[in-house]
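Worksheet for the structure shown next.
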Amino acid sequence: MKRLVQLLAMAIIGSLILTSCGEDTLTPSEPTTDNPPSVVSFSVDGQASNGSGNHAPGDNVEFEITFGDDIELQSYEIRESAGTDLLDSGTASGTNWLVSYTHPVRRTAANGFSNLITFIGTDTQGQQVSESYTINVVDTVYEYSISLGGDQNAGTGSFYAAISETGTVYFVADARDNQESVDLIYFYGATQMATLAAPSDTLVDDFSAYDLDSWTTRNATELHASTVDFDAIDNSVAIQDAFDASLSQTRVNMLDVDSVVAFRTVAGVYGLIRVTEVNAGQAGDITFDVKVQP
Ligand SMILES: [Ca+2]
C-alpha cells in the first residue's frame, strides 16, 4: 500500500512537471500586447504643469517628468523649438523613470518670445509618449519720453524721477519735497552745454535757482555716455548689460540729438536715455526717450 501511494505521488508530480513544461513551450516569449509609455507626472518649478507659464529672461525653469511603461522603458529625449533642436537625451529602463531637467531662459530673450519644450519617452518596442510645455517670456520695460528745462525755463521742470511707467518731472519746489525720488537734473552750462547730472554732482550747485543747498538727500545716480543701439534694446537684462560701472560718472555733458546715456539709480534700477531734441540755453530744454527697468 505504501509503495502504491509513493508511485501515485510520483505519477502526479511527473504529470505536473510535464504539464508545466508543456505550458512553457506553448507560452510566447513576448506578450501579445505592449502598450505605449505614459507620463506619470510632470512638474514645472515644483508645481504640476498646466502646459505653459510666464518666465523672466535669465530664469532657470526646473522640469521633472516621470515616464511609466507596462513592460520596459528604453530612452528619453528633450527638444525645444517645437521639436527641432535636441536639448538632452539619455537611456531609461524599468517601468518608471524620472527625468530632471533645468532649462535656462536666455538673458536676452525678448518680451513675448515663446519656446515649446517637448519631453519624449520611448519603450523597448519603440513606442513613444510626449509631453510639452510652452515657456512664455514676460519682461517689463518702461518706455516713455521726457522733456526737461534749463534753470531759467519757467515752463518745464528740470528734475527727473526715472522709475515709473511714465517717469516724473518736478519743478524746484516739488523736487525739494521729493528729493529722495530725483534721479537726474538737467542744466545747460556755458562750457558743459546740455548736461544730465546726478543730484550729487557738484556742478549743479552753480545753478542757485535749483536750491540744492536746502536738500538733505542728493542721490548719487551713476551715468555714462553709451554707444549701444538704443532701438535694439528690448529687454530689461540688455538695459542692465548696457551699463558699465567702470565708466560711471556723476554727469554726462555735451548732449545732442542721438546721444545715448546709460544710468543706474541708487535703488539699483538700470535705464537708457536717447536724446531726441536739444534747445540750447538756460531757458531751453532737452527731450529724450527712456527705456528703464520697473
Ligand atoms: Ca510598453
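Before moving on, here are some points about what is shown:
- The residue that is surrounded by the fewest Cβ atoms within 10 Å (Cβ to Cβ), among those in region 34-49 that are of a type outside the set (Gly, Ala, Ser) and within 19 Å of the chain's Cα centre (by Cα), is GLN47.
- Qualifying residue in region 33-49 (condition: of a type in the set (S, T, N, Q), part of a loop (DSSP other than H, G, I, E, B), at pLDDT 95 or above and under 28 Å from THR140 (Cα atoms)): yes
- Summed over region 75-100, residues that are in contact (Cβ under 8 Å) with a residue 40 or more places away in the chain, within 15 Å of the ligand (Cβ to nearest atom) and crowded, with 19+ Cβ neighbours inside 10 Å total 1.
- Of the criteria (1) at pLDDT 95 or above; (2) under 30 Å from GLY189 (Cβ atoms); (3) surrounded by fewer than 16 Cβ atoms within 10 Å (Cβ to Cβ), which one GLY149 fails: (3)
- Scope region 91-113; condition touching a Phe, Trp or Tyr at 6+ places or on another chain (Cβ under 6 Å) and either assigned to a strand (DSSP E or B) or at positive phi (or both); matching residues: TRP97, VAL99, TYR101
- The lone exception for GLN127 - which of (1) under 32 Å from the mean Cα position of the chain (by Cα); (2) within 16 Å of the ligand (Cβ to nearest atom) it fails: (1)
- Against the conditions (1) out of contact with any helix residue (DSSP H, G or I) (no Cβ under 8 Å at 6 or more places or on another chain); (2) outside any loop (DSSP other than H, G, I, E, B); (3) among the aliphatic types (A, V, I, L, M), ILE163 satisfies every one except (2).
- Residue list for region 51-74, filter: away from the ligand (no atom under 16 Å from the Cβ), over 19 Å from the mean Cα position of the chain (by Cα) and either surrounded by fewer than 18 Cβ atoms within 10 Å (Cβ to Cβ) or not assigned by TED's automatic domain parsing to the domain that holds PRO104 (or both): GLU64
- Lone qualifier among ASP139, ASP123 - being touching a Pro at 6+ places or on another chain (Cβ under 7 Å) and within 28 Å of ARG107 (Cβ to Cβ): ASP139
- For the condition more than 16 Å from the ligand (Cβ to nearest atom), of a type in the set (Ser, Thr, Tyr) and modelled with pLDDT under 50, THR19 qualifies.
- From the options ILE71, ILE65, residue that is closer than 18 Å to PHE42 by Cβ and either of a type in the set (A, V, I, L, M) or part of a loop (DSSP other than H, G, I, E, B) (or both): ILE65
- Selection count, region 120-160, where residues are under 23 Å from PRO57 (Cβ atoms) and assigned to a strand (DSSP E or B): 9
The values are calculated or read from the model by the stated rules, or taken from the named source; none is laboratory data. Treat the numbers as computed from the prediction; the structure is a model and nothing was measured. Glycine also receives a Cβ, built like all others from the backbone with ideal geometry; neighbour counts cover every protein chain displayed.
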